[in-house]
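The block underneath contains the structure these notes are about, expressed in structure tokens.
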Amino acid sequence: MPDLRSLYQEIIVDHNRRPRNFHPLPDANRTAEGNNPLCGDRLTVYLRVEGGVIRDIGFVGSGCAISTASASLMTESLRGKTEQEADSLFRGFHDLVAGTGPPGRAGLGKLEAFSGVREFPARVKCATLAWHAARTAMKTPGNSASTE
Ligand code: ZN
């Protein structure tokens, strides 16, 4: 059994304590809510998408350290990305935390801090909650959407 502390690496602790882009976007044109009842994580993701590019992104909500840190790191990773790049990051991140991708996939940067999540299957939903919400938001123009 891996040590649970190894899951809470420095980067995750930092992003949980001081989440980045932790605010609503007044000029968002995409929003979605994420809800993970298994853990009690709830968040709302706000995006401003223009010309297929994520110009700005923020989130609010409350949840465990994994869900909060993941949302925080996601906002840093997705800002300035095209919808296609965001989709590819989503798949790469999902593979990383679910343990379904090839090992050593490059290009995830800081997001690789979450690779330990694969040892804790119950935490995969926490780590991917914000990503599912952002993906739902991108595919649902002009409306508020929700995901579980
Ligand atoms: Zn959680």
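Things to note:
- Note on the stretch 18-36: among residues that are within 16 Å of the ligand (Cβ to nearest atom) and open to solvent by 30 Å² or more (accessible area, probe 1.4 Å), the one that is nearest to residue 116 (Cα to Cα) is 19.
- In the stretch 98-138, residue modelled with the highest pLDDT [restricted to those that are away from the ligand (no atom under 16 Å from the Cβ) and surrounded by fewer than 12 Cβ atoms within 10 Å (Cβ to Cβ)]: 100
- Listed by first and then second residue, the pairs linking a residue in the stretch 65-83 that is under 21 Å from residue 123 (Cβ atoms) and open to solvent by less than 20 Å² (accessible area, probe 1.4 Å) to a residue that is assigned to a helix (DSSP H, G or I) and of a type in the set (D, E, K, R), with Cβ atoms under 6 Å apart and 6 or more places separating them unless they lie on different chains, are 66/123; 73/110.
- On the stretch given as the stretch 24-44, residues that are within 15 Å of the chain's Cα centre (by Cα) and on the phi > 0 side of the Ramachandran plot total 0.
- Members of the stretch 51-64 found to be open to solvent by 10 Å² or more (accessible area, probe 1.4 Å) and either within 16 Å of the ligand (Cβ to nearest atom) or modelled with pLDDT of 95 or more (or both), listed by number: 53, 55, 56, 60, 61, 62, 63, 64
- Residues of the stretch 37-50 that turn out to be within 16 Å of the ligand (Cβ to nearest atom) and either open to solvent by 30 Å² or more (accessible area, probe 1.4 Å) or of a type in the set (Val, Ile, Thr) (or both), as a count: 7
- Unique residue being of a type in the set (A, V, I, L, M) and closer than 12 Å to residue 129 by Cβ when the list is 32, 65: 32
The values are calculated or read from the model by the stated rules, or taken from the named source; none is laboratory data. Here the structure is a predicted model, which means the values were calculated and not measured. With ideal geometry, Cβ positions are generated from the backbone for all residues, glycine too; neighbour counts draw on all protein chains shown. Only protein heavy atoms, including side chains, enter the accessible area calculation; ligands, DNA and RNA are left aside. Shrake-Rupley method; radii C 1.70, N 1.55, O 1.52, S 1.80 Å.
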